[in-house]
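Remarks on the structure that follows.
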Amino acid sequence: MEHSAKWYLRKHEDGEVFGPVDFAKLKDWARAAQVSPLDMVSDDRTNWVKAPMLQGLHMDYLIQLGDESYYGPTTEEAVQEFLRLGEIHAETTLINCCTGAETTLRASGFFQGLPPPMEEIAAGEPGRRTIRQNLQQRIRELELLLVEKRQKLEMAEVRIRQLERRLQDGGLRPD
């Protein structure tokens, strides 16, 4: 699958689709922190999988942001980009999804101090987002989903009360 000639990236935030591009370009986007762990990829625009599912993208690291808060999986280069942006620090815990090994960024084999600034992203490529932006977007989505679920629950409770009243008034007969 990774050797397909054409690849598409569908962004989780807004469903925008980028491509077709070759796999090397898709891999470049992942290394440049332009591919979120929630983004989907496809080689036929019909069957979509989450980007970290493609081994060739090397989205192998979880970043521990708090006791029970994680970001990823993502690439080594994306980890370095988040460090450069000040989103994480040398003592941030990383978990290698392939081996299960936990280490700090400082103790990892790819940390060489602050990474050099990343080149600017050309037009037509997916935008770079920070961990904070991705988490804020996910929180907004969950809040909207929660509001929708509460509204449905309230409507169901009103309907239940109406049916109970009809049953008490003799309007409905139990089976």
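The values are calculated or read from the model by the stated rules, or taken from the named source; none is laboratory data. Model, not experiment: these values are computed from the prediction. So basically every Cβ, Gly included, is an ideal-geometry build from the backbone, and we count neighbours across all protein chains shown.
Scanning the stretch 1-13 for residues that are surrounded by fewer than 18 Cβ atoms within 10 Å (Cβ to Cβ) and either over 24 Å from Glu141 (Cβ atoms) or of a type in the set (Val, Ile, Thr) (or both) turns up Met1, Glu2, His3, Ser4, Ala5, Lys6.
Rundown of residues vs (1) loosely packed, with under 10 Cβ neighbours inside 10 Å; (2) more than 30 Å from Leu57 (Cβ to Cβ); (3) modelled with pLDDT under 85; (4) not assigned by TED's automatic domain parsing to the domain that holds His12, yes/no style:
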residue: Ala101; (1), (2), (3), (4): no, no, no, no
residue: Ser108; (1), (2), (3), (4): no, no, yes, no
residue: Met155; (1), (2), (3), (4): no, yes, no, yes
residue: Val158; (1), (2), (3), (4): no, yes, no, yes
residue: Gln162; (1), (2), (3), (4): no, yes, no, yes
residue: Arg165; (1), (2), (3), (4): no, yes, no, yes
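Of the residues making up the stretch 44-55, those that are closer than 13 Å to Lys11 by Cβ and either assigned to a helix (DSSP H, G or I) or without any contact (Cβ under 8 Å) to a residue 24 or more places away in the chain (or both) are Lys50, Ala51.
The requirement of being farther than 21 Å from Tyr61 by Cβ, surrounded by 10 or more Cβ atoms within 10 Å (Cβ to Cβ), modelled with pLDDT under 85 and in contact with a strand residue (DSSP E or B) (Cβ under 9 Å, 6 or more places away or on another chain) is satisfied by Glu125.
When each of Gln136, Gln80 is tested for being at pLDDT below 85, of a type in the set (S, T, N, Q) and either surrounded by 15 or more Cβ atoms within 10 Å (Cβ to Cβ) or under 17 Å from Met59 (Cα atoms) (or both), the lone residue that passes is Gln80.
Thr104 fulfils the conditions (1) more than 19 Å from the chain's Cα centre (by Cα); (2) closer than 15 Å to Leu9 by Cα except for a single criterion, (2). Would you confirm, using the coordinates I've provided, whether Gln55 is crowded, with 18+ Cβ neighbours inside 10 Å and among the polar types (S, T, N, Q)? No.
Results for (1) assigned by TED's automatic domain parsing to the domain that holds Val17; (2) touching a helix residue (DSSP H, G or I) at 6+ places or on another chain (Cβ under 8 Å); (3) acidic (Asp, Glu), shown as yes or no for each residue.
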| position | (1), (2), (3) |
| --- | --- |
| Leu57 | yes, yes, no |
| Gln64 | yes, no, no |
| Tyr70 | yes, no, no |
| Gln80 | yes, no, no |
| Arg84 | yes, no, no |
| Glu87 | yes, yes, yes |
| Ala90 | yes, yes, no |
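The residue list Val41, Val35 contains one member that is in a loop (DSSP other than H, G, I, E, B) and touching a strand residue (DSSP E or B) at 6+ places or on another chain (Cβ under 7 Å), which is Val35.
Got a sec? Which of Glu16, Glu91, Glu76 is within 23 Å of Ile139 (Cα to Cα) and charged (D, E, K, R)?
Only one candidate passes the filter, namely Glu16.
The condition of being touching a residue at least 60 places away in the same chain (Cβ under 8 Å) and among the small types (Gly, Ala, Ser) holds for only one of Ala78, Ala33, Ala24, Ala5, that being Ala33. Of all residues in the stretch 18-27, none satisfies being touching a Gly at 6+ places or on another chain (Cβ under 9 Å), on the phi > 0 side of the Ramachandran plot and surrounded by fewer than 19 Cβ atoms within 10 Å (Cβ to Cβ).
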